[in-house]
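To keep things clear, I will list the structure first and then write my remarks on it.
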Amino acid sequence: MALLVHGGHVLNSSYTALERADILIEADRISAVGQALALAPDTHRLDATGCLVLPGLVNAHTHAHNNLFKGLGDNWTLEDLLNYGPALNGNRTPEDHYLSAAIGAVEMLKNGCTAAYDLFMAAPAPTLEGIEAVVRAYTDVGLRAVIAPAMADLVFYQTVPGLLDLLPSDLRRPVDGLVAAPTAGVLQIAQETVRRWQGTASGRISVAVAPTIPGQCSDAFFSGCVRLARDYGVGLHTHLAESKVQAIASQHRWGKTLVGHLTDLGALDSRFVGAHGVWLTDDDIRQLADAGAAVAHNPASNLKLGCGIAPVREMVEQGLTVGLGTDGAMSSDNLNLFEAMRFPHEPARWLGAQTAWELATRGSARVLGMADALGAIAPGYKADLVFLRADSVFLRPLNHPLNALVYAETGADVDTVLVDGRIVLEHGTVLTVDESHLRAQAQAAADRLRTQNQAAWTLAEQLAPYLATACRAAVATPYPVQRYAAS
Ligand SMILES: [Zn+2]
């Protein structure tokens, strides 16, 4: 059955103006764009009069598990966030994982995002039941997703230089008692995830491998992930040089940058996605570009966690594939790509609205491995479309459409969203799941988990000053690049 989206306006190919264009959809793809299109007699019609029709935005990096606790952390560094990991992620049932993923997927839809690369995490490690719940949540909401269960086989506290030596014995004991997930076990879950869920939900769900942070992985585990991604032809996504502490820890452990270490492991190729990349050196950026690798740039998260300002201009200039991400809901704290689009700059080295827009559309599509299917309104592309009400306080007066979309729009004008040619949000209402029920259940889960994880929270509070001392010492270490980070 064909569907004609008619009466709307689209950005022209040079992004300089809007033009009236109808969009013909056959099954899950766009088959024609223009005016006076030839239609089959049984073509359905969807009125987009008064709307700007955009390609669905693509989120290059987020975390389903964070959504239950958005807005909980204040003035946290990345290491603080990781310190509270057990308190945030402990005691979750598969139903909790479902609710956390689903409410995030709804938030993204309502902000005009139709696809996400999701590094879902669980404590102490993802289970098949938890992963199934996340897959089901994205499937139910109707968002396209690359789901990459994020895994580690080292305990975070062992990876911060000097931390363990600072801890008094009453704190050292519980930390020493934390047991990392077994290497072979997590690799097996990663492999089983690919086998079970790759290409499910009519192809809307795909799977990738995510050794979460190189510093929290044994070389054997990271190498195993590299092999798995290669054997199954799926993506490999890790947090790459996100904070200065991570960059310094890499020098301590391997005597080289993280990119140098990952080169040794054979990890860098066109499947590789490094998230953040704040502390990449010029040489790191060149190596990533030469390998055909990609970076998921998360500027709002980098600012909120004080990680610094990523060298995104250099990345783009070196020809690196760069997509735009929101990161998780505990580090940005919303999943709004319109907001993220306003941040991808470096001081005095502007990126410009067109590049920012392209990062959130075509760039992220490449990061997800879907360059030919997402990020544009053109024949052959997936029918993932967003209608924005043009007559709004954010977009009127309309002087320069592209600049208005990047700098003035907030996502509040999102009216209707299609994924795979199917209407999943209509006039602001989610059609696929019961949003108010979902909100109530997610609130109940968050309330219950905050209580249940109180002891872990208290331990994290006690560890926090020692962690801060160890991180301050790491951050004081000279490094070849300066990224305007918090100290
Ligand atoms: Zn992340």
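The values are calculated or read from the model by the stated rules, or taken from the named source; none is laboratory data. Source: prediction; values computed, not measured. For neighbour counting, all protein chains shown are included, and Cβ atoms are generated from backbone atoms with ideal geometry for every residue, glycine included. Ligands, DNA and RNA are excluded from the accessible area calculation, which covers all protein heavy atoms including side chains. Shrake-Rupley method; radii C 1.70, N 1.55, O 1.52, S 1.80 Å.
Things worth noting here:
- Given charges at Cβ of Lys, Arg, Asp, Glu: segment 10-122 dipole, positive-most of Gly50, Phe69, Ala27: Gly50
- For segment 117-258, share of DSSP beta bridges that run antiparallel, in % to the nearest 5: 10 percent
- For segment 351-436, size of Cβ-based charge dipole, Lys and Arg +1, Asp and Glu -1, in debye: 300 debye
- Across the options Thr93, Cys217, Leu258, the greatest Cα extent toward the positive end of the charge dipole of the chain (unit charges at beta carbon of Lys, Arg, Asp, Glu) belongs to Leu258.
- Across the chain, the mean sequence separation of Cα contacts (distance under 8 Å, 6 or more residues apart), normalised by length, yields a relative contact order of 22 percent.
- For segment 269-286, backbone phi angles converted through the Karplus equation (6.51, -1.76, 1.60; θ = phi - 60°) give residue-by-residue couplings of 7, 6, 8, 7, 10, x, 8, 6, x, 5, 9, 6, 8, 4, 5, 4, 4, 4 Hz, Gly and Pro being listed as x.
- Helix 244-254 and the longest principal axis of the Cα set of the chain meet at an angle near 60°.
- Accessible surface for Ser218 stands near 30 Å², nearest 10, in the context of the full protein assembly shown (1.4 Å probe).
- DSSP beta bridges confined to the chain are antiparallel in about 50 percent of cases.
- Remark: accessible surface ordering of Glu435, Glu358, Glu317 (largest first) is Glu317, Glu358, Glu435, probe radius 1.4 Å.
- Whole-Å semi-axes of the ellipsoid equivalent to segment 362-418 (Cα gyration tensor, √5λ, descending): 25, 13, 10
- Each eigenvalue of the Cα gyration tensor of segment 190-290, multiplied by 5 and square-rooted, gives one semi-axis; in descending order these are 26, 14, 12 Å.
- Cys307 - accessible surface, heavy atoms, 1.4 Å probe, Å² rounded to 10: 10 Å²
- Share, in percent, of DSSP beta bridges within segment 1-50 that are antiparallel, nearest 5: 75 percent
- Backbone HN-Hα couplings from phi across segment 128-135 [Karplus 6.51/-1.76/1.60, Hz, Gly and Pro as x]: 5, 5, x, 5, 4, 5, 5, 4
- Accessible-area rank, largest first, for Met315, Met121: Met121, Met315, with all protein chains present and a 1.4 angstrom probe.
- Assuming charge only on the beta carbon of Lys and Arg (+1) and of Asp and Glu (-1), the dipole of the chain about its Cα centre is about 320 debye to the nearest 20.
- Summarising the amide proton neighbourhood of Ala32: residues at separation of 5 or more, or on other chains, whose placed amide H is nearer than 5 Å comprise Leu24.
- When Trp350, Trp76 are compared by accessible surface with a 1.4 Å probe, the order from highest to lowest is Trp350, Trp76.
- Pairwise centroid distance, computed over Cα atoms, of segment 264-319 with segment 414-487, Å: 22 Å
- 222 nm mean residue ellipticity, helices alone, for the chain (DSSP H n ≥ 4; -39,500 (n - 2.57); rounded to 500): -10500 deg cm²/dmol
- For segment 54-90 versus segment 161-222, the inter-centroid distance based on Cα atoms is 17 Å.
- Inverse mean reciprocal Cα-Cα distance (Kirkwood Rh) of the chain, Å: 22.7 Å
- Based on protein heavy atoms only, segment 1-157 ends up with 32 Å² per residue of surface accessible to a 1.4 Å probe.
- Translational diffusion coefficient of segment 326-414 (Stokes-Einstein, Kirkwood radius from Cα pairs, 4 °C, 1.567 mPa s): 91 µm²/s.
- Partners of Lys244 within straight-line reach, counting lysines whose Cα lies under 27 Å from its Cα and excluding those fewer than 8 residues away in the same chain: Lys70, Lys256, Lys304.
- Net dipole in debye of segment 203-313 [+1 Lys, Arg Cβ; -1 Asp, Glu Cβ; about Cα centre; nearest 20]: 280 debye
- Projecting the Cα atoms of Ala376, Thr355, Leu402 onto the charge dipole of segment 352-451, computed from C-beta unit charges around the Cα centre, puts Thr355 farthest toward the positive end.
- Note on segment 258-305: Cα convex hull, mean projected area over all directions, 3.3 nm².
- Whole-Hz ³J(HN,Hα) from phi, Karplus 6.51 cos²θ - 1.76 cosθ + 1.60, for segment 299-305, glycine and proline x: x, 5, 5, 4, 6, 5, 7
- Average Cα contact separation per residue, segment 148-248, under 8 Å, 6 or more apart, as relative contact order %: 33 percent
- Between Ser13 and Val481, the contour length at 0.36 nm per residue exceeds the alpha carbon distance by 164.8 nm.
- From largest to smallest, the equivalent ellipsoid semi-axes obtained for segment 99-244 from the alpha-carbon gyration tensor read 30, 18, 14 Å.
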